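Below: the structure, in structure tokens.
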Amino acid sequence: MSERTERDIIAAIRKMVGSGDSRNLLAGIGDDCAVIRQDPPGDKVWLLTTDALVEAVHFDRAWHSPRLLGRKAAAVNISDIAAMGGRPLFALLSVALPAGLPDAWFDDFLAGFNAVLREHGMLLVGGDTVRSGSAAMFNVTVIGEAEAGLVLYRAGARDGDTVWVSGSLGLAAAGLELCRRGVATDAAEWAELLKAHLDPEVQVAMGRVLAASGLVHAMLDISDGLATDLAHLCTESGVGAEVVAEQLPGTEKLAMAAAFCNMSGLDWMLSGGEDYQLLFTTPVAAAAILPQLVLAQTGRQIHAIGRIRSRHGVVLCSRDQDGGEQRREISYQGFDHFV
């Protein structure tokens, strides 16, 4: 069995493929989407992304209803378009279905998938269907577009930048743990957390506002956890970061779930994954403008959580009981398929 991490495998693929020599390829492996110049060149570019959801790895049919799973399959791919500041347009869906899966199950999945596409003004334009062994698998490709001069990449963060997130962290990880413990998926007490895991909301409008602001230096979405995804952003930008634990945005329900499960809410926020919030950096001066701009145009708040530094690595800063500062390295401590 390979001992390489997911990051190692991607690096090997990237090295083998190289940068390519297509005049239309603006960005390839290493970002949330491939960015391709439209032909003939104009003021728009294509954004392409793809992702797979595999049963027993990304979802469990024991608690994930087919309709909500269909919604999630669409949403997590659309999130990559949001992370580049783009607008999603088309989707392709390939499915591998095991024998014995009821027709009604897949019909509900497709209804949920198509509902999210309609919410974003998208069309399903193709795909593939095959028989699998014992597990269901779904692969989604999303095509979007963005203004050529407004695309936001992972590279671009600068020493001194403020690090922001677009919303609360750790909710999906808490919802997943509640599902694993047998909590009913319609339990009203935990609705906020269960929805975050089962039916995540993606930040397309937020991404477009941030891109249009001209204030963002680098951005991606949080899928593998803050610790890993911030490390990705820093690696692509050639910088490091400091995150302030006390500034991480959680919720009261997150704290309640952590106590209920006897687990760490901070760990969920750092490494739980599947938040699908936007993680981005701006110059310090943007703090006087951007929160009000985002609130006015989206009705949502953004949260400053740290600072970009020239020294490589991602460090969590916190205060101990005596008020002293504690620092620990957290780079790449989120979800990895191969660890």
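The values are calculated or read from the model by the stated rules, or taken from the named source; none is laboratory data. These numbers come from a predicted model, not from an experiment. Please note: Cβ atoms are built from the backbone with ideal geometry, for glycine as well, and neighbour counts cover all protein chains shown.
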Query raised in the report: Tell me, which residue of region 24-37 that is at pLDDT below 90 and assigned to a loop (DSSP other than H, G, I, E, B) is farthest from the chain's Cα centre (by Cα)?
Result: N24
Query raised in the report: Take the residues of region 209-236 that are touching a Lys or Arg at 6+ places or on another chain (Cβ under 7 Å) and part of a helix (DSSP H, G or I): which is nearest to I330 (Cα to Cα)?
Result: H232
Report task. Would you check if there is a residue in region 244-262 being touching a strand residue (DSSP E or B) at 6+ places or on another chain (Cβ under 6 Å), crowded, with 20+ Cβ neighbours inside 10 Å and part of a helix (DSSP H, G or I)? Result -> no
Query - Residues (assigned to a loop (DSSP other than H, G, I, E, B) and surrounded by 18 or more Cβ atoms within 10 Å (Cβ to Cβ)) located in region 157-184 - result: A157, D161, S166, G167, S168, L169, G170, V183
Requested in this report: Go through the residues of region 202-213 one by one and say whether even a single one is surrounded by fewer than 24 Cβ atoms within 10 Å (Cβ to Cβ), over 20 Å from S79 (Cβ atoms) and either in contact (Cβ under 8 Å) with a residue 60 or more places away in the chain or touching a Leu at 6+ places or on another chain (Cβ under 8 Å) (or both).
Outcome: no
Report task. Take A227 and decide whether it is free of Cβ contacts under 8 Å to residues at least 40 places away in the same chain and over 12 Å from V163 (Cβ atoms). Result -> no
Report summary line: When every residue in region 225-243 that is among the β-branched types (V, I, T) and touching a strand residue (DSSP E or B) at 6+ places or on another chain (Cβ under 6 Å) is compared, the one surrounded by the fewest Cβ atoms within 10 Å (Cβ to Cβ) is V243
Report task. Starting from residues that are among the β-branched types (V, I, T) and touching a helix residue (DSSP H, G or I) at 6+ places or on another chain (Cβ under 8 Å), keep the ones in region 130-184 and report whichever is farthest from A287 (Cα to Cα). Result -> V183
Report task. Tell me which of these L110 doesn't satisfy, since it passes every other one: (1) free of Cβ contacts under 8 Å to residues at least 60 places away in the same chain; (2) in a strand (DSSP E or B); (3) surrounded by fewer than 18 Cβ atoms within 10 Å (Cβ to Cβ). Result -> (2)
Query - So L89, is it under 19 Å from the mean Cα position of the chain (by Cα), in the same structural domain as D51 (by TED's automatic domain parsing) and under 21 Å from L210 (Cα atoms) - result: yes
Query raised in the report: Looking only at region 205-262, which residues are of a type in the set (S, T, Y) and more than 27 Å from Q297 (Cβ to Cβ)?
Result: T228, T235
